[in-house]
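Quick notes on the structure that follows.
The values are calculated or read from the model by the stated rules, or taken from the named source; none is laboratory data. Computed from a predicted model, the values in this text were never measured in an experiment. So basically every Cβ, Gly included, is an ideal-geometry build from the backbone, and we count neighbours across all protein chains shown. Quick note on the areas: whole protein, heavy atoms, side chains included, nothing else; ligands and nucleic acids left out. Shrake-Rupley method; radii C 1.70, N 1.55, O 1.52, S 1.80 Å.
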Amino acid sequence: MLQGDFQLPKRNKRTVLVLGLLGVVGLVGLAATVAVGAFVLSAWLGLPLNAFGLNDGPDQPIAFPHTVHVQDMGMDCTFCHRAVTTEAAASVPAVGLCMSCHKVIGDGLPEIEKLRGYHESGRAIDWVRVHRVPDHVHFVHESHVRFFSERDNVPASETCQLCHQDVGSMPKVEQVRSLKMGDCLDCHRENEAPTDCTACHY
Amino acid sequence: MDLTRRKFLTLLGGSTAGAVLFQACGVPEAELLVEAPLEMPEDMVTGLDTWYATLCSECGNPEGIVVRVMEGRAKKVEGNVDYPINQGKHSARCEAALQGLYHPDRISAPLLRVGARGEGRWEEISWTDAIARMAHQLGQVQDKSSIVLATNPVGGHLGKVVERFASRMGIAHMPYETLDETNLRLSMERTYGLKAMPDFDIGGASYLLSFGADFLSTWGSPVRYARAYGQFRQGDRERGTHVHVEPRLSTTAANADEWVFVNPGWEGHVALAIANVIVERGLGDSSAAAALTGNGAVDLGRYAPERVADRSGVSAERIRRIADEFAGHPPALAIGGGSAGAHSNGLANLNAIYALNHLVGSAGKPGGVIPNPGPPFSDVPEAPARTSYADWRGLTGRMSRGEVSALLVRGANPVYGMPKVTGFEDALLGGRFNVPLIVSFASFMDDTTALADLVLPENHGLEDWGSDVPDPGPGYQAVGIRQPVVRPFFEGRGVHLGARSFADALMGIAQTMEVDLGLEGESFEDVLQAGARELFETGRGSVRANDFRAFWNGALQRGGWWDTTAAYSGPSLSPRQIASAPGEPSLGSGAFALVPYPSIGITDGRGAHLPWLQATQDPITTASWQTWVEINAKRAEEMDVREGDVIRLTASNGRSIEALAYPHPGISPDVVAVPMGQGHTGGGQYDKDRGANVMSLLDSLEDSETGALAWAATRVNIAKTGGWMRVPRFENTAPDLATDEDQHIIKLTAEDS
Amino acid sequence: MAGEKWGMVIDVDKCIGCQACVVACQAENNIPINTEDLYNQRRAVQWIRIERYWEGEFPDVKARFIPVLCQHCSDAPCEPVCPVFATYHNPEGLNVQVYNRCIGTRFCANNCPYHVRFFNFWEPSWPESLKNQLNPDVTVRSRGIMEKCTFCIQRIRRSTRDAKAEGRGVEDGARELNPACVNACPTDTLFFGDLNDPDSKVARMSAEETGEHGRGYHMLEELGTEPNVLYLKKVDKNAKEASHA
């Protein structure tokens, strides 16, 4: 061995093992941190996470098929969600409204029987909310529906899909847009709607 | 775990694991439920608010209000713009009605006492059971007149039902008020020949001279007066001048251009001294002067300013100046009440004060005293019936002799309001169960209800029907209509439990006892509609319609009915001889005159269960939640009393209370003032055992003529107990605004713009 | 929404100190109950408060009242000190507090000369049944957040929205637009409206009263905060253009 040659320090096996293990743990830790971070960040930013199956719509007390009512029957959104053109909330219909048809229609269907059960016992149906804007936000359906139907010169029920996509084709309703602030702001900027904080936050 | 950025950041700061957890938890399930009710009434639509007109239930003279209802819940109270009394404005008390409606201590079912009286152990029973028990017990009483029904003074159609119930059952009806208004009412009759309170046209007056009446905070119809006061200050006319005469610097005194301190009980003397100056100098109406003095039969010379000055504490010079100003600024208006009428010479004081309006020609004229016409109903009395303190003292005697077989209470709290020295509570309970049955119609526990055998919960005013003929009215015929703006909060408890309308309960009892009340219909709503039909048939007023249904809806929508053209048409308010000139007030003994005053929020104690009213700061002291003693700052320094020192006030009758000292520069060194309303022995989480009840230590002094409680005549000695407690007050919550000589928070100007 | 500048005029000569505005504000804005403890901790929250000032001593004593609320300063001292831009001036002339930005440094409260900013030291709480009264249009502020008068922005939003839907402008002085305190005030001490609309009541009053013979003044004008709340001087015939702190 020539003088000046680089010489590996002498190590015993034990040290190598420890260092190797530390390295592996560190790598795994890093990977985990990155993964968790990415997961949290993406969730926080409101990116769709369909890969994890997180965006599947929730189970409802009655498996209400929008497909049948909208696609097959051709019912207008505003027929059931009556307050959507006048109020902040779109509103879910009262059981009484369902019963105006289902008194006679749908004998024998288990979900219809469930509905009739609610009606007879006088209980309210606790639907599970699918679309939810973050806290401290006052979202008003009425002004959005009015703006888009005036802009595009279409009836109110054709503006719904801008945020909700085609609910009529969903067997189980799921949230498609993130409905987080960035999402809102993009659209507000595009349409020259106010972007002042207090337009929504108060 | 709630999905908020704040919590997210908190957790992120803690650990990454926390952040993951946060994502995993998401929004609590309950928050994600959207309820689809069975049927959707119009006012249940999410996000849609509806305003319904009705009447406030917290004040003595109910104001017209509109209530914002969203999803079946009352959210906000505001004044009804159309209603003649308050014209869109409202007081802190009206607002707090909402808390009464949703109060956690509200009684939600009839309660039957299971422990000893006052022990507080109850059992819920059904309405059917409760009414049957009551009917049975009342049925067994031979002499029905030994049954006493004590209510607050009730007007409108509820008053009619109560009167009918009392008379058909043959029982005694004794309306009770903590602050006896007997003198004021009688004074209106003696001075103007009026049964109902007149309206005071404060907005139209140029000069306002008030005695004792704290009309800007609690006296009479404060919102109406305050609204007019705004006009009086900065209206279309020249800014009016207001002089207020009272032993205490009250809210009204603080707002006056000039506050005149008067020794308690000498208000009438000052008023007559002013009258004397006006007559002597020939400033006023000479024929009125002659009539008032009975052509000299009453010697006003006895009340020459010099003679009155010493004892009243108002200098002769000042009396002359005020007399000059009062007579020289027509229209001038004199108002008296409150502590001025709460003396052994109270009636005479008020008569003297109100006679001043005759002297300057303000009786029955704009800017003066405007008489009110009678109600537009055939069978509703002009003004609710009232009883005096002497009547209640009499009842105390009867109770202790065992001559009262049952006491039914509603909206009255005599156990709280009667001075302890009368022995009312002992007489009621007694070792021998003097009064075998005590029933309370109440939404909340209070001092009297806590001693009851049976408690029948009442619907809240916002859930109930009713009507009101305003007293004082607006100077023309007006009727307020109360409608339920929300479904009863306890509806969910079923028909056997829950609360009921007081009138319906009375009608139910009468029906069970097979007594025919001779009322129109089965329910209070029917009685009310029958009354409304009378209005409909007049074919005049603010609501007109072709058929009754439309009329009824219109009246409900507007909150009532009024006819601005239907003014008073009775005999003119001609001056009469001053019947009884005020003598010397008989006062208790002690180093300080005690001036109790109704708190601006909880008033005489009826609002003590409502946290908003408890938290409402007193305008003068900015204190709340407790009982304090206003004492002169210098005098306090001499006595080494500091703010928050617990001091004991002892009356010559031996009763005492303890309260917190609040020294300030605005009170006479010889006077202490204590707010009413606290110190409840029965109640809920916000009022029970809080502060002290100033009414309890009062001497049993009354007006020598009318028997009204002389609640401002007690004197007390004070002593430090050594205790200290912080006075809950808003003052200094925000540090004093940074100011120097050039910076002023309130700027003044001598001239109106 | 462009072009509005919301402002208030307060006629001190009319204020009687009755507290109607204070309770109206509590009810409208979901302000937690100011319990005895909160008063004693000096942590009571009143977006609008009535201050009482003494002048002199018995018997020549005066107690004077003045309502104090956020002055919505055009040059607000609270705004530049917020590290997260949670408080800023919006295009409608409002000094706004964005709750979800606020991190609770309390710098703004320290820098506010009017002491009208309140900090939530505790999670707000109500007995369960009293929650029925809460106004769904107003966020309940959680612990650690600053809050203050918003000029009842929820009413401004709702009334402008309703007006738009009906194709009209917002009426000056409309009750659905007025903040809760203004509607309640029995003596009409408070006026609210758009200062940029020359026909509005507040604009007319400001024009009339800010002249040499007017009664108008701004609170702590010397600080140059340019408040959007104009006070009108109290009239006291006996006062020689005096004033007091």
Fill in the blank from the handout: For region C:6-232, shape from the Cα gyration tensor axes a ≥ b ≥ c, cut at a/c of 1.5 then a/b versus b/c, turns out rounded
Problem - Amide H within-cut-off set for B:V409, under 5 Å, with H built and near neighbours excluded - result: B:A150, B:V439, B:S440, B:F441
Practice task
Would you work out the charge dipole size for region B:444-597 about its Cα centre, treating the Cβ of every Lys and Arg as +1 and the Cβ of every Asp and Glu as -1, and quote it to the nearest 20 debye?
Solution key: 680 debye
Problem - Heavy-atom accessible area order for B:I147, A:I112, largest first, 1.4 Å probe - result: A:I112, B:I147
Exercise for the section: Among the aspartates and glutamates, select those whose C-alpha is under 17 Å from the C-alpha of A:K103, and discard any that sit fewer than 8 residues away in the same chain. Expected result: A:E111, A:E113, A:E120, B:E39
Completion exercise
By the mean-Cβ-within-10 Å protection proxy, highest first, B:169-176, B:435-442, A:167-174 rank as B:435-442, B:169-176, A:167-174
Handout entry: C:C25 accessible area, 1.4 Å probe, all protein chains in place, Å² to nearest 10
Key = 10 Å²
Practice task
Would you please give the FRET efficiency between A:R14 and A:C187, computed as 1/(1 + (r/R0)^6) with r the Cβ-Cβ distance and R0 = 45 Å, to the nearest 0.05?
Solution key: 0.15
Practice task
Within 10 Å, count the other beta carbons around each residue, average over each peptide in A:178-191, B:364-377, B:675-688, B:717-730, and list them highest first.
Solution key: B:675-688, B:364-377, B:717-730, A:178-191
Completion exercise
Going through B:K75/C:K131; B:K89/C:K164; C:K148/C:K201; B:K89/C:K234; C:K14/C:K201; A:K180/B:K75 one by one, the pairs whose alpha carbons sit over 19 Å apart turn out to be B:K89/C:K164; C:K148/C:K201; B:K89/C:K234; A:K180/B:K75
Practice task
May I ask you to list the aspartates and glutamates whose Cα is less than 13 Å away from that of C:K237, ignoring any residue fewer than eight positions away on the same chain?
Solution key: B:E238, B:D257, B:E258, B:E751, B:D752, C:D13
Fill in the blank from the handout: With label points set 7 Å from each Cα along the Cα-to-Cβ direction at A:E120 and B:D324, the distance between them in nm comes to 9.1 nm
Fill in the blank from the handout: Filtered hits (lysines, Cα-Cα < 22 Å from B:K160, offset >= 8 within chain) -> B:K144, B:K195
Completion exercise
Checking rank on A:125-136, B:522-533, B:179-190, with mean other Cβ inside 10 Å and highest first, the result is B:179-190, B:522-533, A:125-136
Completion exercise
Length gained, B:A750-B:A132, 0.36 nm per residue minus C-alpha separation, equals 215.6 nm
Problem - Dipole magnitude of the protein assembly as shown about its Cα centre (Cβ charges: Lys, Arg +1; Asp, Glu -1), debye to nearest 20 - result: 2140 debye
Practice task
Answer rounded, prolate or oblate for the protein assembly as shown, using the Cα gyration tensor with square roots of eigenvalues a ≥ b ≥ c: rounded when a/c is under 1.5, else prolate when a/b is larger than b/c, else oblate.
Solution key: prolate
Practice task
Return the calculated 222 nm mean residue ellipticity for chain B, to the nearest 500 deg cm²/dmol, obtained by summing -39500 (n - 2.57) across DSSP H runs with n ≥ 4 and dividing by the residue count.
Solution key: -8000 deg cm²/dmol
Fill in the blank from the handout: Taking a crude spin-label model, label points 7 Å out from Cα along the C-beta direction, the B:S574 to A:L41 distance in nm is 9.7 nm
Problem - Convex hull volume per residue in cubic angstrom - Cα atoms of region B:224-285 - result: 123 Å³
Exercise for the section: Only Cα pairs under 8 Å and at least 6 apart count here; give the relative contact order of chain B as a rounded whole percent. Expected result: 17 percent
Exercise for the section: Whenever you get a sec, line up A:F39, B:F444 from highest to lowest accessible area (probe 1.4 Å, protein heavy atoms). Expected result: A:F39, B:F444
Practice task
Using just the helices of chain A, give the 222 nm mean residue ellipticity in deg cm²/dmol: DSSP H runs with n ≥ 4 each add -39,500 (n - 2.57), and the total is spread over all residues, rounded to 500.
Solution key: -12500 deg cm²/dmol
Handout entry: Vicinal HN-Hα couplings computed from phi for region B:69-75 (Karplus, 6.51 cos²θ - 1.76 cosθ + 1.60; Hz; Gly/Pro x)
Key = 10, 10, 6, x, 10, 6, 10
Problem - Selection from C:C18, B:G361, B:L407 lying farthest towards where the dipole of the protein assembly as shown points positive, charges on Cβ - result: B:L407
Problem - In order through region B:110-117: 3J(HN,Hα) via Karplus (6.51 cos²θ - 1.76 cosθ + 1.60), integer Hz, x for Gly, Pro - result: x, 10, 10, 5, 10, x, 6, 4
Exercise for the section: Once you have the Cα-Cα distance between A:D152 and A:D107, take 0.36 nm times their residue separation minus that, and quote the gain in nm to one decimal. Expected result: 12.1 nm
Problem - Spacing of the two label points (7 Å from each Cα toward its C-beta) at B:A290 and A:L21, in nm - result: 12.3 nm
Fill in the blank from the handout: Quick calc, B:A385 & C:D75: beta-carbon distance into FRET formula, R0 56 Å, rounding 0.05, result 0.35
Problem - Computed FRET value (nearest 0.05) for A:L97 with B:N546, which takes r as the C-beta separation and R₀ as 30 Å - result: 0.30
Handout entry: Cα centre as origin, Lys/Arg/Asp/Glu Cβ charges: region B:554-713 dipole, Debye
Key = 420 debye
